[in-house]
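The values are calculated or read from the model by the stated rules, or taken from the named source; none is laboratory data. This structure is a prediction, so every number in the text was calculated from the model and none was measured. Positions of Cβ are backbone-derived with ideal geometry, glycine not excepted, and every protein chain shown enters the neighbour counts.
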Amino acid sequence: MSARASLDNEPALRPSQCKLVLLGEAAVGKAYSLYAFVRLTHENREPTIGAAFLTQKCRVENRVVKFEIWDTAGQERFHSLAPMYYRNAQAAVVVYDITKPTSLEKAKSWVKELQRQASPGIVIALCGNKADAEEERAVSTADGEGYAEEFKCSFFETSAKTGKNVQEVFAAIGVSRMINRD
């Protein structure tokens, strides 16, 4: 029995809801990361236009969290729509590509915007994606960690391609949400 099926068949466990938004520049792997989390295939995915919505339940410690996930388009022409998606969000995953330094700069601007305009207490995770492309790395782990520490975000390096640390990002957000609620 899959973990998802077992969660759906546990009526005694009322899931805690968590609205989460994925933000980042185009082509950093936001949709691929999301698909790795919900365990869907992502062969030849087209770029997200506007936004995509998925839900996923997962067990975090002894509780079930139902993530309501908005995957936003990274193209600049859709930037003005982002506040509509992060409004009332309890969590955000801001993704950059470790092979593109400009994507970290864009991620930094997203974090600053969230801290200024999103819900107070929003949990933010900064994710350096494409950790499987180590030979093409242009952003050091230390740079990502340093920025996350400065702005009090959690930090992960992930690979949507291999699934490295993708589940861990969402689990950490779930734990942070439970701590903030209790």
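What is the residue count in segment 133-179 for residues that are assigned to a helix (DSSP H, G or I) and without any contact (Cβ under 8 Å) to a residue 60 or more places away in the chain?
To start, the set of residues in segment 133-179 that are assigned to a helix (DSSP H, G or I) comprises 134-136, 141-150, 166-179.
From what's left, without any contact (Cβ under 8 Å) to a residue 60 or more places away in the chain: 134-136, 141-150, 168, 172, 179.
Count: 16.
Put simply, of Gly50, Gly29 the only residue that is out of contact with any helix residue (DSSP H, G or I) (no Cβ under 6 Å at 6 or more places or on another chain), at positive phi and modelled with pLDDT under 70 is Gly50. Would segment 88-103 turn up any residue that is more than 22 Å from Glu61 (Cβ to Cβ), of a type outside the set (S, T, N, Q) and out of contact with any strand residue (DSSP E or B) (no Cβ under 9 Å at 6 or more places or on another chain)? Yes, the conditions are met somewhere in segment 88-103.
Which residues, counting only those in segment 120-137, are surrounded by fewer than 19 Cβ atoms within 10 Å (Cβ to Cβ) and touching a helix residue (DSSP H, G or I) at 6+ places or on another chain (Cβ under 7 Å)?
Gly121
What are the residues in segment 156-178 that are of a type outside the set (Asp, Glu) and surrounded by fewer than 18 Cβ atoms within 10 Å (Cβ to Cβ), if any? Spell out the reasoning first.
Let us first name the residues in segment 156-178 that are of a type outside the set (Asp, Glu), namely 156, 158-167, 169-178.
Hits for segment 156-178 are Lys161, Thr162, Gly163, Lys164, Gln167, Ala171, Val175, Met178.
Check whether at least one residue in segment 75-84 is modelled with pLDDT of 70 or more, in contact with a Leu (Cβ under 7 Å, 6 or more places away or on another chain), in a helix (DSSP H, G or I) and crowded, with 17+ Cβ neighbours inside 10 Å, and report yes or no. Looking for residues that are modelled with pLDDT of 70 or more, in contact with a Leu (Cβ under 7 Å, 6 or more places away or on another chain), in a helix (DSSP H, G or I) and crowded, with 17+ Cβ neighbours inside 10 Å, one finds at least one in segment 75-84, hence yes.
Among the residues of segment 106-116, is there at least one that is part of a helix (DSSP H, G or I), among the aliphatic types (A, V, I, L, M) and out of contact with any Leu (no Cβ under 8 Å at 6 or more places or on another chain)? The answer is no, given that none of the residues of segment 106-116 is part of a helix (DSSP H, G or I), among the aliphatic types (A, V, I, L, M) and out of contact with any Leu (no Cβ under 8 Å at 6 or more places or on another chain). Candidates Asn62, Asn9: the one that is modelled with pLDDT under 65 and surrounded by fewer than 19 Cβ atoms within 10 Å (Cβ to Cβ) is Asn9. Does Trp70 satisfy the condition of being in a helix (DSSP H, G or I), under 20 Å from Tyr32 (Cβ atoms) and touching a residue at least 24 places away in the same chain (Cβ under 8 Å)? So Trp70 fails the test.
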